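Down below is the structure, laid out as structure tokens.
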Amino acid sequence: MKTVSNLVPVERYEFPDSVRAFLPKFAVIPMKKDPDSDFTCIVHENDFVTEGQIVGFSMREGSIHKSYVHSPVAGRIVAFEKCMLPDGSDCDGLRIRMEGAFSYLGKELRPTEWQWNSPEQLLNTIEEKGIVNTFGKPLDLAMQISQCKVSRGRFIVVRLYDDDPSHMTDSFVAKRHTAQVIEGIHILSHALKTQGIVLLKQKKSQLEIKDDEFGSIPVFSMEVDNKKYPSGLVQNIVAMVKNAPKESGQEIFNDISEFGLFVDPETLFSLYEGIVLGKPALESFVHVSGNSIRSSAMLKVRVGTSIRSIVNQCGGFIIPPAKIIVNGIIMGSEVKSLDTSITKTVKSIAFVPSRNLSDDHSSPCVRCGKCRIVCPEGIYPDLMYRHSIGGKQVGSDMLRTFMLCSGCGLCNSICPSRLPLSQTIELLRNKNEDK
């Protein structure tokens with residue numbers, strides 16, 4: 001592990017509260033999120049849609065679950081067009097011109113007594129509200145719950161801090177909306193019929209969640225030094241929980257594995273709004289930062305809002321950014337256009353000037369071995385890279401070690417040749433999953 005200060009400059013200012021982002025005059029929402037699924041659109045051009053109305057859904061072949069797309073605003077559909085996504089790809093999108101009255105925004109939403117619902121009813125509502133689990137690789141929460149029910153363990157693992165040290169979205173939601181996060185854990189526990197709950201808090205956190213909050217459900221709480229990186233990825237968490245000392249009756253948590261349900265505060269807050277308030281997943285908390293932008297902010301942003309609109313709300317640029325990075329300086333991806341739409345999975349946007357960037361032009365591997373030294377899993381990223389580009393081939397046993405990779409990106413951060421080591425390992429993993 002490396003200390004956070006060695007990796008990225010961490011913003012030290014804590015936001016007292018979030019600010020609602022400007023509502024977009026035009027919302028451009030992606031319709032097809034998964035290339036392996038088929039999308040069905042149930043609206044037409046010039047149709048008027050209400051806030052939260054289902055406008056389409058996608059389904060994977062062989063799956064019983066639908067991934068619903070909702071209109072984030074009330075308005076009229078003006079066009080079907082290409083929508084730019086934060087990961088750099090594009091897909092078919094829906095442009096909606098905002099007009100008319102809203103169904104949820106500005107309304108007093110009465111809490112429902114969800115406790116009377118069966119796990120199956122909760123699962124159907126979670127699916128209908130389009131709730132996405134933003135822990136790691138984003139997935140539909142209803143689908144994950146169904147998968148966990150048939151896996152080896154039904155543990156809920158709640159990480160109450162951020163996986164990437166350059167943003168503070170999850171820690172903000174955990175601290176400022178603790179009651180809603182706790183309620184989200186209760187809902188998830190009921191829907192999953194969980195065997196146990198793991199609560200991971202950052203050291204010296206003032207966040208208080210009592211172990212007896214969840215009744216007879218076994219709870220294991222531990223403090224994590226999130227000043228060390230990586231400390232918030234699935235493999236790190238599984239290892240920490242298994243190796244941590246446990247009291248009598250907590251031995252059940254020795255069986256925790258990557259097949260449990262790992263969630264973050266933003267997912268739990270969205271779950272609370274969907275089940276308790278009946279509100280579809282229409283917005284997300286986004287941490288805006290960077291030395292190029294005039295002011296930092298914690299915004300609550302409607303899906304379909306452009307990054308350009310967020311820049312305007314934060315006072316514009318002081319200097320033009322050399323890179324726009326979403327979801328963390330270490331683990332995130334670069335956005336090429338200010339017209340990119342915010343999706344449910346965006347947690348942060350960093351506007352980085354050229355002076356804060358190192359030279360990113362790649363050169364041949366100098367065989368320094370630094371990537372091997374820094375890798376917390378003991379992988380040899382340089383050998384994987386050479387194998388992938390047609391250089392020296394490695395044996396099958398060595399090649400299979402890519403399955404140990406957590407995706408932390410430390411190999412990229414230390415490589416003097418600026419080689420895409422982490423991305424290469426991810427490609428190897430994807431090829432193996434496709435076979």
Unmet criterion (only one of (1) of a type in the set (Val, Ile, Thr); (2) surrounded by 24 or more Cβ atoms within 10 Å (Cβ to Cβ); (3) part of a helix (DSSP H, G or I)) for Ile182:
(2)
Looking for something farther than 21 Å from Thr40 by Cβ, under 19 Å from the mean Cα position of the chain (by Cα) and not basic (Lys, Arg) - is there at least one such residue anywhere in the range 87-99?
yes
Name the pairs: first residue in the range 228-256 and within 17 Å of Asp162 (Cβ to Cβ) and open to solvent by 50 Å² or more (accessible area, probe 1.4 Å), second residue hydrophobic (A, V, I, L, M, F, W, C) and modelled with pLDDT under 85, Cβ to Cβ under 6 Å, at least 6 apart or on different chains?
Lys228/Met1
What is the number of the single condition among (1) assigned to a helix (DSSP H, G or I); (2) open to solvent by less than 40 Å² (accessible area, probe 1.4 Å) that His190 does not meet?
(2)
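When you go through Met59, Met98, Met84 one by one, which is the residue that is open to solvent by 50 Å² or more (accessible area, probe 1.4 Å), hydrophobic (A, V, I, L, M, F, W, C) and at pLDDT 95 or above? Explain how you work it out, then say what you get.
On the way: Met59 fails: at pLDDT 95 or above; Met84 fails: at pLDDT 95 or above.
The unique qualifying residue is Met98.
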Candidate set: the range 147-174, residues that are out of contact with any helix residue (DSSP H, G or I) (no Cβ under 8 Å at 6 or more places or on another chain) and closer than 19 Å to Asp255 by Cβ; chosen: the one modelled with the lowest pLDDT
Ser151
From the list Ser306, Ser284, Ser292, pick out the single residue that is touching an Asp or Glu at 6+ places or on another chain (Cβ under 6 Å) and surrounded by 15 or more Cβ atoms within 10 Å (Cβ to Cβ).
Ser306
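Within the range 336-349, identify whether any single residue is open to solvent by 30 Å² or more (accessible area, probe 1.4 Å) and more than 30 Å from Gln313 (Cα to Cα), and answer yes or no. Write out each step before concluding.
Filtering the range 336-349 down to residues open to solvent by 30 Å² or more (accessible area, probe 1.4 Å) leaves 336, 338-339, 344-345.
Now narrow it down to the ones that are more than 30 Å from Gln313 (Cα to Cα): none.
No: zero hits.
Condition check ((1) modelled with pLDDT of 95 or more; (2) of a type in the set (A, V, I, L, M, F, W, C); (3) within 30 Å of Pro24 (Cβ to Cβ)) across all residues:
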position	(1), (2), (3)
Gly106	no, no, yes
Pro111	no, no, yes
Lys129	yes, no, yes
Pro138	no, no, yes
Ala142	no, yes, yes
Ile145	no, yes, no
Condition check: under 21 Å from Glu223 (Cβ atoms), out of contact with any Gly (no Cβ under 6 Å at 6 or more places or on another chain) and hydrophobic (A, V, I, L, M, F, W, C). Does Val157 satisfy that?
no
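Name the single residue that is nearest to the chain's Cα centre (by Cα) among those in the range 336-350 being of a type outside the set (Gly, Ala, Ser) and closer than 24 Å to Pro265 by Cβ. Give the derivation first.
Our first condition is that a residue be of a type outside the set (Gly, Ala, Ser); within the range 336-350, this holds for 336, 338-340, 342-347, 349.
From what is left, the residues that are closer than 24 Å to Pro265 by Cβ are 342-347, 349.
On the way: Ile342: 13, Thr343: 10, Lys344: 8, Thr345: 5, Val346: 7, Lys347: 7, Ile349: 13 Å.
By that ranking, first place goes to Thr345.
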The condition of being out of contact with any strand residue (DSSP E or B) (no Cβ under 6 Å at 6 or more places or on another chain), of a type in the set (Phe, Trp, Tyr) and surrounded by fewer than 21 Cβ atoms within 10 Å (Cβ to Cβ) holds, among Phe317, Phe269, only for Phe317
Per-region count, the range 124-179, residues among the hydroxyl-bearing types (Ser, Thr, Tyr), open to solvent by 10 Å² or more (accessible area, probe 1.4 Å) and in a loop (DSSP other than H, G, I, E, B):
3
Which numbered condition Ile77 misses (of (1) open to solvent by 10 Å² or more (accessible area, probe 1.4 Å); (2) more than 24 Å from the chain's Cα centre (by Cα))
(1)
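The values are calculated or read from the model by the stated rules, or taken from the named source; none is laboratory data. What you see is a predicted model; the values in this text were computed from it and never measured. Cβ coordinates were reconstructed from backbone atoms using ideal geometry, including for glycine residues, and neighbour counts include every protein chain displayed. Calculation scope for accessible area: heavy atoms of the full protein, side chains included, ligands and nucleic acids excluded. Shrake-Rupley method; radii C 1.70, N 1.55, O 1.52, S 1.80 Å.
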